[in-house]
Structure formats: C-alpha cells, structure tokens
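Visitor: Submitted below is the structure of interest, expressed as structure tokens.
The values are calculated or read from the model by the stated rules, or taken from the named source; none is laboratory data. These numbers come from a predicted model, not from an experiment. For neighbour counting, all protein chains shown are included, and Cβ atoms are generated from backbone atoms with ideal geometry for every residue, glycine included.
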Amino acid sequence: MVSNQPLRNSTSESDKKALADKPGQLAIFAYNYLKESQGFRNRKDIFILDLGCGYGLDAVFLARNLPCHILGLDNSQAAIDIARRSLGSELEKRVELLCYDFSDVSDKYDVIFVSNLYHLLKTDEMAKLRETVKRCLKSDGVFFLSTFSVRDPQYFGKSGNLSGETSSFPDEKCLHFFTRDELEKDFEFLNISALYELDNYQAHINPGFNHISWVLMGRLK
Ligand SMILES: C[S@@+](CC[C@H](N)C(=O)[O-])C[C@H]1O[C@@H](n2cnc3c(N)ncnc32)[C@H](O)[C@@H]1O
C-alpha cells in the first residue's frame, strides 16, 4: 500500500539530539523507518549506500544514529574532501567516502539512499541510476529517494524548456521535475510503500531553499 504521509515527527530526547545534526529530510525519514521497521530494528549492522553523498551530512547523521556501515559516493573530489573532514576517528571505521560514479558500483546493500540527485541527471543517467538500484539493492533491502516535484516553486519554469520535455529546465544544471505518475513509472520495478510531497524541503538547513520534493521508499518486486 502506498502511503501519502510522512512517518511520525520525532520528539524524543534522543531524536532531538539526532536532529540537531541538521540532516536532510530524506535522511530523517530513513532513520525513523530503519529504527522502527521489523526487518531492521534488531539488526547489529546495516550496509547503506549513499549515491551522490555531497558533503556527507546525511551519511554522518545516519552513521551516528544507526548501527551501520555506509559507503558514500560522489563524483566530485572536492565534495568528498569536505565530507571526509567531518568524520572523526570513530566514524572513519564505519563511513567510507569515495570519489566514484554511481554507475560503477557492483556490491549489494541493505539500503540505497539517493537525496537530491535524480532531478539533476540526464535521461540516460537516470536509467543508469535505476540499473544501479536494481543491481545493488539486496532482495530484502530498501530504497530511499528524494527528488524535485513539478510543483517546485523555486526552479520549475524558471529557464528555457529542454526540447520536447515539458518538465525539464536545463539552466546551469539539467533540472527535471517529476509528477507522481513519472516516478511510479520510472520505479515500477519497486513495490513503492511511500510516495509523498514535502513542502519547504530542506528549508530547515537553508532558509533560502524553497522547494517541493518527492520522498519515495520502495523494495524490489
Ligand atoms: C545536489 S547534490 C546532493 C548532495 C546530498 N545528497 C544532499 O542531499 O545534500 C548532488 C550530488 O550528486 C553528485 N553527482 C552527480 N552525478 C553523479 C554521479 N554520476 N555519480 C556520483 N555522484 C554524482 C554531485 O557531485 C553532487 O555532489
């Protein structure tokens, strides 16, 4: 069954401490799910793959708050260098950050996490990302995605359309905006258990952000 609602808001003292790290909203959603879901809550170690990890805020947050090992990949060496500086000696044992293209991964993971990357990809790169998910997600694993919605007020319609694509506005970066139908079609190889839009996505991190993004969670069929 597809839920249109986020998981409950976190209010406990330990959750407040965790949220002080300012993770992205997809990381908060994944954390709430993984610490409570039957398949994961008693696990001693969860193997997480963070594709397009950027400065590693979400990887660090998940590693601090869950019993897990994380591989964070980004094809920007500058981003990886910054991300590595935020790891202390304890986290270095459980968080590996590498400059790497997501399509080159081959190992299998319990969790694949993709925050704010999918809408930046060209059509062929989106297909490669989906292939990576199919290849690298364990049969009982779970996939988390956040990506821009067509209702995004900050960027949608603000630059010239990509030829033939009504929801793509390539400015400095290729930006595509998704409808629910598009995401359900792109990820039809998953049983999607949550798909909902979040207003003010990431506004808690950067008040200048004014985005509406989708949050999607699913497992391989
Ligand atoms: C908007 S940032 C998102 C960073 C982080 N996940 C977050 O939510 O804040 C997108 C990141 O994806 C990385 N990226 C783009 N294409 C990639 C690829 N093919 N393989 C790995 N990383 C990629 C970029 O370098 C960038 O750091």
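Visitor: Please count how many residues of region 88-101 are within 16 Å of the ligand (Cβ to nearest atom) and not acidic (Asp, Glu). So that I can check it myself, show each step before the final result.
Guide: First, the residues of region 88-101 that are within 16 Å of the ligand (Cβ to nearest atom): 95-101.
From the residues that got through so far, the ones that are not acidic (Asp, Glu) too are 95, 97-100.
Selection size over region 88-101: 5.
Visitor: Give just the number: which of (1) within 16 Å of the chain's Cα centre (by Cα); (2) part of a strand (DSSP E or B); (3) within 12 Å of the ligand (Cβ to nearest atom) does Ile48 not satisfy?
Guide: Unmet condition: (3).
Visitor: Val142 passes all but one of (1) among the aliphatic types (A, V, I, L, M); (2) touching a Phe, Trp or Tyr at 6+ places or on another chain (Cβ under 7 Å); (3) more than 16 Å from Asp101 (Cα to Cα); which number fails?
Guide: (2)
Visitor: Taking the options Asn42, Asn32, name whichever one is of a type in the set (S, T, N, Q) and assigned to a helix (DSSP H, G or I). Spell out the reasoning first.
Guide: On the way: Asn42 fails: assigned to a helix (DSSP H, G or I).
Among Asn42, Asn32, only Asn32 is of a type in the set (S, T, N, Q) and assigned to a helix (DSSP H, G or I).
Visitor: Still on this model: Looking at Leu117, Leu121, Leu137, Leu162, which one is within 23 Å of Tyr196 (Cβ to Cβ) and at pLDDT below 95? Give the derivation first.
Guide: Values: Leu117 fails: at pLDDT below 95; Leu137 fails: at pLDDT below 95; Leu162 fails: within 23 Å of Tyr196 (Cβ to Cβ).
Every option except Leu121 fails the conditions.
Residues are listed down the side, and each one gets a yes or a no for (1) of a type in the set (Lys, Arg); (2) in a helix (DSSP H, G or I); (3) within 23 Å of Val215 (Cβ to Cβ):
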| residue | (1), (2), (3) |
| --- | --- |
| Ser103 | no, yes, no |
| Asp110 | no, no, yes |
| Val114 | no, no, yes |
| Glu131 | no, yes, yes |
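Visitor: Let me spell it out: the conditions are (1) modelled with pLDDT under 95; (2) within 16 Å of the ligand (Cβ to nearest atom); (3) surrounded by fewer than 16 Cβ atoms within 10 Å (Cβ to Cβ), and Asn75 meets all of them except one. Which number is the exception?
Guide: (1)
Visitor: Looking at region 30-56, I want the residues that are of a type in the set (Gly, Ala, Ser) and have a partner that is at pLDDT below 95 and more than 16 Å from the ligand (Cβ to nearest atom) with Cβ atoms under 7 Å, at least 6 apart or on another chain. Which pairs are those?
Guide: Going by the 7 Å Cβ cut-off, there are no qualifying pairs.
Visitor: A further question follows. Look at region 104-122 and say how many of its residues are more than 8 Å from the ligand (Cβ to nearest atom), over 13 Å from the mean Cα position of the chain (by Cα) and in contact (Cβ under 8 Å) with a residue 24 or more places away in the chain.
Guide: 7
Visitor: Being surrounded by 15 or more Cβ atoms within 10 Å (Cβ to Cβ), of a type outside the set (Asp, Glu) and more than 16 Å from Leu190 (Cα to Cα) narrows it down to one of Leu145, Leu137, Leu129, Leu117, so name that one. Show your work before the answer.
Guide: On the way: Leu145 fails: more than 16 Å from Leu190 (Cα to Cα); Leu137 fails: more than 16 Å from Leu190 (Cα to Cα); Leu129 fails: more than 16 Å from Leu190 (Cα to Cα).
Of Leu145, Leu137, Leu129, Leu117, the one residue that is surrounded by 15 or more Cβ atoms within 10 Å (Cβ to Cβ), of a type outside the set (Asp, Glu) and more than 16 Å from Leu190 (Cα to Cα) is Leu117.
Visitor: Additional query: Does any residue of region 82-95 turn out to be surrounded by 14 or more Cβ atoms within 10 Å (Cβ to Cβ) and closer than 29 Å to Lys221 by Cβ?
Guide: First, pick out the residues of region 82-95 that are surrounded by 14 or more Cβ atoms within 10 Å (Cβ to Cβ): 82-84, 86-87, 91, 94-95.
Imposing the further condition that a residue be closer than 29 Å to Lys221 by Cβ reduces the set to none.
No, because not a single residue in region 82-95 is surrounded by 14 or more Cβ atoms within 10 Å (Cβ to Cβ) and closer than 29 Å to Lys221 by Cβ.
Visitor: If you check Phe40 against the conditions, is it more than 20 Å from Arg130 (Cβ to Cβ), within 14 Å of the ligand (Cβ to nearest atom) and hydrophobic (A, V, I, L, M, F, W, C)? Reasoning before the result, please.
Guide: Values: more than 20 Å from Arg130 (Cβ to Cβ): yes; within 14 Å of the ligand (Cβ to nearest atom): no; hydrophobic (A, V, I, L, M, F, W, C): yes.
So Phe40 fails the test.
Visitor: Moving on to the next point. Before we move on, is Ile70 away from the ligand (no atom under 11 Å from the Cβ) and assigned to a strand (DSSP E or B)?
Guide: Details: away from the ligand (no atom under 11 Å from the Cβ): yes; assigned to a strand (DSSP E or B): yes.
Yes, satisfied.
Visitor: Report, by residue number, each residue of region 85-101 that is outside any loop (DSSP other than H, G, I, E, B) and at pLDDT below 95. Outline the logic, then answer.
Guide: Restricting attention to region 85-101, the residues satisfying the condition of being outside any loop (DSSP other than H, G, I, E, B) are 85, 89-92, 95-99.
Of everything in region 85-101, those that are outside any loop (DSSP other than H, G, I, E, B) and at pLDDT below 95 turn out to be Arg85, Ser89, Glu90, Leu91, Glu92.
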